[in-house]
């Protein structure tokens, strides 16, 4: 049984926002938990996400239910980096991507879905009620409505509307991220970078329940002011998320196109299969991106976060600033 002391210890660990160093520097060794359950998530906004997931884990619930609850929590936020409160594409439309995966390798995903508050729950329905893995666009929305999800307003949140109006003045778009934050207002505020542009943080989380089973989920509104129809790594199993209940689980954040090119989270799990620690597995995946084009890597951010079956967890990123 998980007592109050263990729960407090977990929440203390969950509150750590450990900065990850550049690939030229070392990172503190992977942390290890001697108890389970455990949940880890990306970014400082993951702290309340963990709390939502923990309510299920502490009650001896399933990891799958916990990661869905965590993702739903951040999707509920009005002015947030993910969900319907997220920034729109260059046509002024908010499109959402999400995926979920359980301990049996069951998985589901949606991409480019509009006007649905909880894409992670639609992804779970895809996993549980269809023979498919991923539904996209209008088809994903139709499936959601047919399964009881409410079609929300197509309007933008106040912060997103203001940001979009500002962006339209120049309509400049580049997927290259300058990683130094310029300002941040509140725990759910989008991040601003040196060039004045804003972008969004993908919320990825993985959990191990009291039975030692792993699950993971990812949810995002994607890159701000992207081309309409653009899909990154977040809803792609093996890119933005991968779970192998014999080995471990991994999630990613950053420039999704670069993660897709190396099947990033699948690669991280395979490195753990070879015996590498979660941190070193993440580092080796990051190094593969950097080695392909060192100069390009200086202009973008990719980070991986992983947990193995021992409950050890670690992370690594190209640039400073990625926290978990």
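The values are calculated or read from the model by the stated rules, or taken from the named source; none is laboratory data. These numbers come from a predicted model, not from an experiment. Here Cβ is always computed from backbone atoms with ideal geometry, including for glycine, and neighbour counts include all displayed protein chains.
Among the residues of segment 93-102, none qualifies, meaning not one is more than 18 Å from the chain's Cα centre (by Cα), at positive phi, in contact (Cβ under 8 Å) with a residue 24 or more places away in the chain and assigned to a loop (DSSP other than H, G, I, E, B).
Among the residues of segment 157-165, is there at least one that is modelled with pLDDT under 95 and over 18 Å from residue 83 (Cβ atoms)? Yes, segment 157-165 contains a residue that is modelled with pLDDT under 95 and over 18 Å from residue 83 (Cβ atoms).
Within segment 64-84, the residues that satisfy the criterion of being in contact (Cβ under 8 Å) with a residue 40 or more places away in the chain, under 19 Å from residue 243 (Cα atoms) and in contact with a helix residue (DSSP H, G or I) (Cβ under 7 Å, 6 or more places away or on another chain) are 66, 67, 68, 70, 71.
Report yes if some residue within segment 57-67 is out of contact with any strand residue (DSSP E or B) (no Cβ under 9 Å at 6 or more places or on another chain), modelled with pLDDT of 95 or more and outside any loop (DSSP other than H, G, I, E, B); otherwise report no. Taking every residue of segment 57-67 in turn, at least one turns out to be out of contact with any strand residue (DSSP E or B) (no Cβ under 9 Å at 6 or more places or on another chain), modelled with pLDDT of 95 or more and outside any loop (DSSP other than H, G, I, E, B). Under the condition of being surrounded by fewer than 24 Cβ atoms within 10 Å (Cβ to Cβ) and either assigned to a helix (DSSP H, G or I) or under 13 Å from the mean Cα position of the chain (by Cα) (or both), the residues counted in segment 74-85 number 1. Restricting attention to segment 86-95, does a residue exist that is within 21 Å of residue 233 (Cα to Cα), surrounded by fewer than 23 Cβ atoms within 10 Å (Cβ to Cβ) and at pLDDT below 90? Among the residues of segment 86-95, not one is within 21 Å of residue 233 (Cα to Cα), surrounded by fewer than 23 Cβ atoms within 10 Å (Cβ to Cβ) and at pLDDT below 90, which makes the answer no. For segment 249-307, the helices (runs of 4 or more DSSP H) that sit wholly inside it and include 3 or more residues that are in contact (Cβ under 8 Å) with a residue 24 or more places away in the chain, surrounded by 20 or more Cβ atoms within 10 Å (Cβ to Cβ) and out of contact with any helix residue (DSSP H, G or I) (no Cβ under 6 Å at 6 or more places or on another chain) are 278-292.
Answer yes or no as to whether residue 143 is surrounded by 18 or more Cβ atoms within 10 Å (Cβ to Cβ), in contact with a helix residue (DSSP H, G or I) (Cβ under 8 Å, 6 or more places away or on another chain), modelled with pLDDT of 50 or more and on the phi < 0 side of the Ramachandran plot. The answer is yes for residue 143.
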